[in-house]
Amino acid sequence: MLSREENALLTEVGPGTPMGELLRRYWIPTLLAEELPGPDCDPVRVRLLHERLIAFRDSRGRLGLLDEFCAHRAASLFFGRNEECGLRCAYHGWKYDVEGRCVDMPSEPEESTFKDKIRLRAYPLEERGGVIWAYLGPPPLRPPLPELEWTLLPERQRFVSKRLQECSYAQAMEGGIDSSHVSTLHRFDIANDPHFKGSRGHAYLKADTRPKFEVVESPGGLFIAARRNVDADAYYWRITQWIMPWYTLIPPFAAHNPLGGHAWVPIDDETCWAWSISFHPTRELSDDEVAGMRAGDGIHVEYEPGTYRPRANADNDYLIDRDAQRRRETFSGIRGIAIQDAAVQESMGRVVDRTKERLGTSDAGIIMARHRLLQAARAVRDGGTRPAGLDVGSHRVRAASVILPRGVSFQVGACEAMELRPETEFAAV
Amino acid sequence: MLSREENALLTEVGPGTPMGELLRRYWIPTLLAEELPGPDCDPVRVRLLHERLIAFRDSRGRLGLLDEFCAHRAASLFFGRNEECGLRCAYHGWKYDVEGRCVDMPSEPEESTFKDKIRLRAYPLEERGGVIWAYLGPPPLRPPLPELEWTLLPERQRFVSKRLQECSYAQAMEGGIDSSHVSTLHRFDIANDPHFKGSRGHAYLKADTRPKFEVVESPGGLFIAARRNVDADAYYWRITQWIMPWYTLIPPFAAHNPLGGHAWVPIDDETCWAWSISFHPTRELSDDEVAGMRAGDGIHVEYEPGTYRPRANADNDYLIDRDAQRRRETFSGIRGIAIQDAAVQESMGRVVDRTKERLGTSDAGIIMARHRLLQAARAVRDGGTRPAGLDVGSHRVRAASVILPRGVSFQVGACEAMELRPETEFAAV
Amino acid sequence: MLSREENALLTEVGPGTPMGELLRRYWIPTLLAEELPGPDCDPVRVRLLHERLIAFRDSRGRLGLLDEFCAHRAASLFFGRNEECGLRCAYHGWKYDVEGRCVDMPSEPEESTFKDKIRLRAYPLEERGGVIWAYLGPPPLRPPLPELEWTLLPERQRFVSKRLQECSYAQAMEGGIDSSHVSTLHRFDIANDPHFKGSRGHAYLKADTRPKFEVVESPGGLFIAARRNVDADAYYWRITQWIMPWYTLIPPFAAHNPLGGHAWVPIDDETCWAWSISFHPTRELSDDEVAGMRAGDGIHVEYEPGTYRPRANADNDYLIDRDAQRRRETFSGIRGIAIQDAAVQESMGRVVDRTKERLGTSDAGIIMARHRLLQAARAVRDGGTRPAGLDVGSHRVRAASVILPRGVSFQVGACEAMELRPETEFAAV
């Protein structure tokens, strides 16, 4: 339970808000690489943390992220011409380079120096791991690019998608942290999903819906360990990684399946991008796997044509099928793990009223993640220390699923499994 | 004309408002029986008086009306599983019985007593007369179920429908009380409607558009009598019943036709359910009559597929047909008595500004109904007496249409006609 | 750049606002003549300057513009019957004449004098030049009807259209005043448009994107002269007329083409009508020309069926075609001069934030037009003098395009060209 003030602190992300300022210290997953495919491609509108921006790739392939609106009279640069190393406003032809400098102003006299005074707000963009990343914070504080495992893999070993989620990023992310709902919400379909099949873990999940949680601070966030019974001697541990400020890594089901992770990125206070990444550290994804992900397998979704909004969405009650629910094909009647998550998270309203919730022991991960975020936002506001999760060392973690003898703590027993050793097999049951 | 304050008092119905508190003292028509057809059927979202609720019928057929959102983390119970005598949230499986008790909490340790502390807001639901009724008020003040004539008839003798109306309940209800508009708005079609045909009354209505109104307090509301000329010796009386807080009974056209009535129930300040009931005290409705009502005859409407929103609505100007208006098939160009009413009532805006209206003598019923409602709301606010219309005795009235000699008052001449004598013929011209 | 207060003063037009009061001193282009084609035609809803009105033509052909809502209980008169010299409310039959007098009240007793007390807000409507004009100001201050050239031409010599524009009238009008964007936004298509073809001016426009502006007060508004190079001895001048409060006349391309003009009329603070007029002072428009205008040639657009909203609009990114943009068929990728204008103007947001703009020398016309409007609004607010543009003498101007020797000022050299001499050729290059 949060107070009204804490809830606002957690969910308000516009310029000048404490959480908005905290989040601006990090690189932000912004576009799929496919959205800016090559030199002089179409510019793309971007909304991040309440800012309206335009992204483009210039004639030399350089990436730019500018204020969406021309400095002159505020026409949208979306209608502009991307050519000859700059984005030119369609209205009077003012032209900007990737750094926001006005490099041409054909409406003013040749001799005018007016254009030298014009500088459009501009942010750096970088591409890594199939994602184009933006940094919206103070230039001197710009950190190195993230080095989460999936960001460093060859293209054929990962699949990245994003979907619009119509609620606060915090609410979406809490779903990603929440490990106990797997036994319930995804109960009837997870064992059959091609991305999760063939794991002994399913049986433990079904049999024990009451995991015990142990949540421990990691350098960059939290180790969230959920313990379920195997037998009198052993526990089945599922260890989720939460990395500041919005990354989650999902404990795997069997080592032959891809791993999965998310980033939960605010568009504004009431909307976010749910980024979903499937990857395998030691092998390429198969064509079948990729085709399935495009069709909504695993943690991915099918889209409304021409958009990144899921075809199953709040307007159509997520295409709920009550008969499938009765036949126990799905617990909720909704098809697809990602859509099931979206449905419950969006159903709370755009920004859930956290003054009314009743949290239990299974919510320990959520409670601690909120705590770290709020604490970090307050520290930034008060001019405090460098927040966690900026150091790439803190990205070198893995989610894991392991069976350990009852007497062994997960920190000891899964110590190696939680460590990222590139190009090695991962620990999974 | 009302002051701004009175208009707000009349139309604001959320929790804690005086009118909202008054209306919570009554049973509320909430769902059609068909919406919760049997044990473990699909849960149904309900919005009443600004509250968001979920209705369901459990495995034993018991009805429940709960807060829509799970007490845990506020996922909507709409996506829940209705099974084994309770509604189970799809997210973590918390399960509630019809009284809102948390009866299972699979996400927490077996030994936990947390679930015993969880109680979801719950209201009683009862079925009668084809309608499922809710009571949202203080439990000790719960009155007996309504005993309006149509609520007590066998199923084959009544037809109940509801439609979404996109304006305040008060505005919709004033249309139901208003008896003088029948001569105008419904002028060209009422005599041809299969539900109203074959009455001598039509001729009097057409000939005399200027009824004289006599409005008298009844035990539960008002007798609203509109007097029109027949000849030098006689008057044609149409007596509408208004019963607190939202019921109207329509004066009949000929005794072979069904009777009609309405309930005008607030969803929120700006939207309401218009309930429409056709019934006959002494005979079953014919298959043809019922088929006609399903197609929009009488006081019923055709719907947008899968909804209770009329197919003819504000978005399409109620499918107005200007040629039909010119040919005098309809006065307004709109087809269907109920849609004609919806069109004029909704056209005023969501909440009409009653500080600007100019009421005449024909609005006497409206003036007095508002007065009684406002008075009752103030009395509840001030801790006053039990409001009218709760006593089932006050429901035992009938609307009537009668011809009386000029010297006879309607209270005397129609005394018997206005009294409900179950299973007897009713008085109609 | 305007202050926040000035921006509000410029763009807020509701009753009681200074700009709203100023604009109410002028006749307002309100409907196309075709919208009220004859006696007893369908009534038409009108929204002007934040007021909701209903326009109709009575049985004798007289025009009326009334409050949309019946004085009785506020039903919309849109559903009324237009017959026998008045508009009759569909609800209770109250009937109004074109001056707002209640001439029949069938719901009240014959002897009642209530109807004599009812008067609906009514404004005069007049037809001229294919347009029905409204006057919403104080009756004693009603000016003569506008006498802009196009308003006085025979029907076959003009074509008038209107389109919904989803931004402030001020923003739309600034686009009409802005003469420098022609070299950029319309760069690749204007020379090919059938309405602008065959002009030597195109070459000068393309070659010199940096016009020098001279802006001079005219009796009714501004002469906005943009000067471009022809050769060492001569300048090409394009002189736009801006006439208070919302008219613009476009400098022509060659004398065989029609002239063009606009009126930019507020619906409310965030929406306006862009009126577009093509006309020729000395010849009829050809059938081909008119057919082309109906299809979106020149300054006109194609509509969404049954509306005056352009088919290319913000919802579909104005049907932008990036390939056509790359092939240099259009500068912006958007087809049609009017839609190009709408796209850039609407893309700024409903009401652009003028505190952030960076105006250059090419914006001199906009700066001075704002200044005159703000000054006039303040004068009306402070009970000051009669605003400019009311006197029909001030309407007798023409836009012009001329080539003048370098030493000659446009006021001298184009003096005759800027003067309206009815039924004479106009000056155009």
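The values are calculated or read from the model by the stated rules, or taken from the named source; none is laboratory data. All values reported here derive from a predicted model rather than from experimental measurement. Positions of Cβ are backbone-derived with ideal geometry, glycine not excepted, and every protein chain shown enters the neighbour counts. Note: areas computed on protein heavy atoms with side chains; ligands, DNA, RNA excluded. Shrake-Rupley method; radii C 1.70, N 1.55, O 1.52, S 1.80 Å.
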Open item on the list: Quick check on A:Arg421: is it without any contact (Cβ under 8 Å) to a residue 60 or more places away in the chain and closer than 30 Å to A:Asn229 by Cβ?
Closed with: yes
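Of all residues being among the aromatic types (Phe, Trp, Tyr) and farther than 17 Å from A:Glu357 by Cα in region B:50-82, which is farthest from the other protein chains (Cβ to nearest Cβ)? Just the residue, please.
Checked region B:50-82; the qualifying residue farthest from the other protein chains (Cβ to nearest Cβ) is B:Phe56.
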- [ ] Determine whether A:Leu77 is more than 19 Å from C:Leu185 (Cβ to Cβ) and at pLDDT 95 or above.
- [x] no
Open item on the list: Taking the condition of being within 14 Å of A:Thr30 (Cβ to Cβ), open to solvent by 10 Å² or more (accessible area, probe 1.4 Å) and among the charged types (D, E, K, R), how many residues in region A:43-72 meet it?
Closed with: 5
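Listed here are the residues, each with its yes/no results for (1) at pLDDT 95 or above; (2) under 30 Å from C:Leu359 (Cα atoms); (3) away from chain A (no Cβ under 14 Å); (4) open to solvent by 10 Å² or more (accessible area, probe 1.4 Å).
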site: C:Arg119; (1), (2), (3), (4): yes, no, yes, yes
site: C:Gly130; (1), (2), (3), (4): yes, no, yes, yes
site: C:Gly137; (1), (2), (3), (4): yes, no, yes, yes
site: C:Leu153; (1), (2), (3), (4): yes, no, yes, yes
site: C:Val160; (1), (2), (3), (4): yes, no, yes, yes
site: C:Ala172; (1), (2), (3), (4): yes, yes, no, no
site: C:Leu205; (1), (2), (3), (4): no, yes, no, no
site: C:Lys212; (1), (2), (3), (4): no, yes, no, yes
TODO: Please identify the pairs in which a residue from region A:338-350 that is over 20 Å from A:Asn7 (Cα atoms) has its Cβ atom under 6 Å from the Cβ atom of a residue that is assigned to a helix (DSSP H, G or I), counting only partners at least 6 apart or on another chain.
DONE: A:Ile339/A:Tyr318; A:Asp341/A:Gly175; A:Ala343/A:Tyr318; A:Ala343/B:Phe79
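Each row is one residue, and each column tells you yes or no for (1) buried (at least 17 other Cβ atoms within 10 Å of the Cβ); (2) touching a Pro at 6+ places or on another chain (Cβ under 7 Å).
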site: B:Phe279; (1), (2): yes, yes
site: B:Arg283; (1), (2): no, no
site: B:Gly296; (1), (2): yes, no
site: B:Asn316; (1), (2): no, no
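Per-residue answers, yes or no, for (1) closer than 30 Å to B:Glu108 by Cβ; (2) over 19 Å from the mean Cα position of the chain (by Cα):
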site	(1), (2)
B:Glu5	no, yes
B:Leu32	no, no
B:Glu35	no, no
B:Asp40	yes, yes
B:Arg45	yes, no
B:Leu48	no, no
B:Arg57	yes, yes
B:Leu63	yes, yes
B:Cys70	yes, yes
- [ ] Considering every residue within region B:63-76, establish whether at least one is over 22 Å from A:Gln171 (Cβ atoms) and of a type in the set (A, V, I, L, M, F, W, C).
- [x] yes
- [ ] Search region A:238-269 for residues being among the small types (Gly, Ala, Ser) and assigned to a strand (DSSP E or B), and hand back the single one that is surrounded by the fewest Cβ atoms within 10 Å (Cβ to Cβ).
- [x] A:Gly260
Task: Members of region C:374-410 that are open to solvent by 50 Å² or more (accessible area, probe 1.4 Å) and either under 19 Å from the mean Cα position of the chain (by Cα) or outside the structural domain of C:Phe213 (by TED's automatic domain parsing) (or both) - done: C:Asp391, C:Arg396
- [ ] Would you check if there is a residue in region C:73-81 being touching a residue at least 24 places away in the same chain (Cβ under 8 Å) and either over 14 Å from C:Asp42 (Cα atoms) or surrounded by fewer than 18 Cβ atoms within 10 Å (Cβ to Cβ) (or both)?
- [x] no
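Sort through C:Glu21, C:Glu108, C:Glu35 and tell me the only one that's touching a strand residue (DSSP E or B) at 6+ places or on another chain (Cβ under 9 Å), acidic (Asp, Glu) and not assigned by TED's automatic domain parsing to the domain that holds C:Lys162.
C:Glu35
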Task: Of the criteria (1) aromatic (Phe, Trp, Tyr); (2) within 25 Å of B:Gly38 (Cβ to Cβ); (3) surrounded by fewer than 24 Cβ atoms within 10 Å (Cβ to Cβ), which one B:Phe114 fails - done: (2)
TODO: Select, from C:Leu77, C:Leu10, C:Leu66, the only residue that is farther than 18 Å from C:Gly93 by Cα and not hydroxyl-bearing (Ser, Thr, Tyr).
DONE: C:Leu10
Open item on the list: Checking A:Val182 against (1) within 12 Å of chain B (Cβ to nearest Cβ); (2) open to solvent by 10 Å² or more (accessible area, probe 1.4 Å); (3) touching a Phe, Trp or Tyr at 6+ places or on another chain (Cβ under 9 Å), only one condition comes out false. Which one?
Closed with: (3)
Task: Selected residue (criterion: farthest from the other protein chains (Cβ to nearest Cβ)) from residues of region A:83-108 that are touching a Ser or Thr at 6+ places or on another chain (Cβ under 9 Å) and open to solvent by 20 Å² or more (accessible area, probe 1.4 Å) - done: A:Cys85
- [ ] Give the number of residues within region B:185-196 that are out of contact with any helix residue (DSSP H, G or I) (no Cβ under 7 Å at 6 or more places or on another chain) and more than 14 Å from every other protein chain (Cβ to nearest Cβ).
- [x] 2
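For every residue, the table says whether it meets (1) within 11 Å of another protein chain (Cβ to nearest Cβ); (2) within 30 Å of B:Leu120 (Cα to Cα); (3) in a loop (DSSP other than H, G, I, E, B).
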{"site": "A:Arg283", "(1), (2), (3)": "no, no, yes"}
{"site": "A:Gly292", "(1), (2), (3)": "no, no, no"}
{"site": "A:Phe331", "(1), (2), (3)": "yes, yes, yes"}
{"site": "A:Arg354", "(1), (2), (3)": "yes, yes, yes"}
{"site": "A:Asp363", "(1), (2), (3)": "yes, yes, no"}
{"site": "A:Leu374", "(1), (2), (3)": "no, yes, no"}
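Could we say that B:Asn229 is within 14 Å of another protein chain (Cβ to nearest Cβ), of a type in the set (S, T, N, Q) and over 26 Å from C:Gly80 (Cβ atoms) here?
Here the answer is yes, as B:Asn229 does meet what is asked.
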- [ ] Determine whether region C:245-268 contains at least one residue that is free of Cβ contacts under 8 Å to residues at least 24 places away in the same chain, of a type outside the set (A, V, I, L, M, F, W, C) and either more than 28 Å from C:Asn313 (Cα to Cα) or touching a strand residue (DSSP E or B) at 6+ places or on another chain (Cβ under 9 Å) (or both).
- [x] no
Task: Complete set of residues in region A:329-373 that are among the polar types (S, T, N, Q) and buried (at least 17 other Cβ atoms within 10 Å of the Cβ) - done: A:Thr330, A:Ser332, A:Gln340, A:Gln345, A:Ser347, A:Ser362
